[in-house]
1. Please list, ordered by first then second residue, the pairs with beta carbon atoms under 6 Å, 6 or more apart or interchain, first in segment 184-209 and β-branched (Val, Ile, Thr), second more than 10 Å from ligand 1 (Cβ to nearest atom) and not in a strand (DSSP E or B).
2. Yes or no: VAL64 open to solvent by 10 Å² or more (accessible area, probe 1.4 Å), touching a residue at least 40 places away in the same chain (Cβ under 8 Å) and of a type in the set (A, V, I, L, M)?
3. Kindly list the number of the only condition in (1) within 15 Å of ligand 1 (Cβ to nearest atom); (2) touching a Lys or Arg at 6+ places or on another chain (Cβ under 9 Å); (3) farther than 23 Å from LEU8 by Cα that fails for PHE287.
4. Of the residues that make up segment 96-106, is at least one farther than 30 Å from THR339 by Cα, touching a residue at least 40 places away in the same chain (Cβ under 8 Å) and open to solvent by 50 Å² or more (accessible area, probe 1.4 Å)?
5. Filter segment 279-307 down to residues that are part of a strand (DSSP E or B), open to solvent by 20 Å² or more (accessible area, probe 1.4 Å) and not hydrophobic (A, V, I, L, M, F, W, C), then give me how many there are.
6. Would you please name the residue that is nearest to VAL223 (Cα to Cα), looking only at residues in segment 308-359 that are among the acidic types (Asp, Glu) and not in a loop (DSSP other than H, G, I, E, B)?
7. Would you say PRO211 is surrounded by 13 or more Cβ atoms within 10 Å (Cβ to Cβ), more than 17 Å from PRO312 (Cβ to Cβ) and more than 16 Å from ligand 2 (Cβ to nearest atom)?
Amino acid sequence: LSEEPETLLQVDEALSKLLAGFPFMGKETVPVSRANGRVASRPVFANTHFPQYQTSSMDGFAVVASDTTGAGNDHPVCLKVVSEIPAGLYPLHKLLPGETSPIMTGAILPPGGDAVVPIEEVSGQPLTFNQKIPHQIQITTPIKPGNNVRQVGQDFQAGDELISANRPLRASEIALLSMLGRTTVQVYKRPQIAVLSTGNELATPGKPLIPGSIYDSNGPMLVACVKSAGGHPVLFGQIPDDRTAIIRALEQARHKKVDLIISSGGVSVGAYDLIREVIQEQGRLEFWKVNMRPGKPLAFGNFQGIPFIGLPGNPVSAFVGFEVFIRPTIGKMAGLTRTARKSINVVAGEEIKSDGRESYLRAIVVEDNGEMVARLTGHQGSGNLRSLVQANALLIIPTGVKSVRSGTELKAWLLD
Ligand code: AMP
Ligand code: MG
């Protein structure tokens, strides 16, 4: 392995090489009630105009607008109240000139009616329909045809594309699908992601800790990361630095037909960094040194045909490696066409030293006098999780920059 040429890749180069190796997942149909957060795999078109009928946008009185011409305080127009129209009822009575129907928001306009006078504007009448409805009302302001009426197709027309493919379905899309009467929707399958933690020193939280061992924090962290990225995690726990154990775990992942295996630890040049070797023998390995900090080493390849990404073991390196490389990968597998994280503009709230590599620093971003100001959180060592817990953002120091003055404009990813 040592004679293999190792190139130093820029973050964006490494990411586009990685993404190129991952197609979209297959498609499946799921109930709308469970589609929140899933990614639509085809556009959704309207099968009807909406509203389907002319409806009232107010609680009030449906009228024939021409009846109100010339109405004023001195000469109010008097209208005879006929059948009431609650929402959900299909009105059959045709309004004749001089007639009005009490109508509720969302109810269908009666034939003959072409405007709605809001109840608040009917002079001398109670302001709600909770009281007894009068036999006649007086109108003192003229109303135009179409006022307070939702026209047919005002929201959308039959055939309109309402929901685009390759975007996540949010509460609003769930509502729209339901408005169309749909109970199912076609989405991309969720990628199944095996999560392995490698290291002889790792213990399972909840079990006793023998001297020299540490609890596995990367496993649970990566499970949470996978879920939030739209993948389904399959947890394999802690795997010792032992060839047979590593191969057994990887084979189990293959049997479970996962779509991607991610691991932490064992990709550097330590004596027990075996997973790289195993991948190289049992599949294909590309090992990249990425010009970034933390998280420089990144292993990418496949184990017996299953894609594999190996992250470094230090918890913050593993976290940053996930955010930079695996979140967009899972996003693409899950069907998203826009996988890049949205970055915001911030200004450095202090002087920051860097080493020229693209750096993802733990920071707190707060709004201060209309500016988003970023300050680092404590010790930036790649094993120091506390400063990650204190952070609400990753502050990005571009490649080639070694020192940043307070007040410099930078980009950051908000984590919350
Ligand atoms: P490695 O990349 O295997 O050389 O590990 C680098 C550092 O990360 C070592 O100090 C490991 O003990 C630590 N480490 C590796 N895996 C984990 C894990 N799953 N949880 C917490 N720390 C880990
Ligand atoms: Mg290790």
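1. VAL185/VAL32; VAL185/ALA35; VAL185/LEU177; VAL187/ARG38; VAL187/SER41; ILE193/VAL226; ILE193/GLY231; VAL195/VAL223
2. Numbers: open to solvent by 10 Å² or more (accessible area, probe 1.4 Å): yes; touching a residue at least 40 places away in the same chain (Cβ under 8 Å): yes; of a type in the set (A, V, I, L, M): yes.
Criteria met by VAL64.
3. The number of the failed condition is (3).
4. The answer is yes, given that some residue of segment 96-106 is farther than 30 Å from THR339 by Cα, touching a residue at least 40 places away in the same chain (Cβ under 8 Å) and open to solvent by 50 Å² or more (accessible area, probe 1.4 Å).
5. Of the residues in that region, 8 qualify.
6. Across segment 308-359, the extreme among qualifying residues is GLU323.
7. no
Per-residue answers, yes or no, for (1) open to solvent by less than 30 Å² (accessible area, probe 1.4 Å); (2) in contact (Cβ under 8 Å) with a residue 60 or more places away in the chain; (3) touching a Lys or Arg at 6+ places or on another chain (Cβ under 7 Å); (4) closer than 30 Å to LYS227 by Cα:
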{"residue": "ALA14", "(1), (2), (3), (4)": "yes, yes, no, yes"}
{"residue": "GLY26", "(1), (2), (3), (4)": "no, yes, yes, yes"}
{"residue": "VAL32", "(1), (2), (3), (4)": "yes, yes, yes, yes"}
{"residue": "ALA40", "(1), (2), (3), (4)": "yes, yes, yes, yes"}
{"residue": "GLY60", "(1), (2), (3), (4)": "yes, yes, no, no"}
{"residue": "VAL82", "(1), (2), (3), (4)": "yes, no, no, no"}
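The values are calculated or read from the model by the stated rules, or taken from the named source; none is laboratory data. Model, not experiment: these values are computed from the prediction. All Cβ positions, even for glycine, are placed from backbone atoms using ideal geometry, and neighbour counts span all protein chains on display. These accessible areas exclude ligands, DNA and RNA; they are computed on the full protein's heavy atoms, side chains included. Shrake-Rupley method; radii C 1.70, N 1.55, O 1.52, S 1.80 Å.
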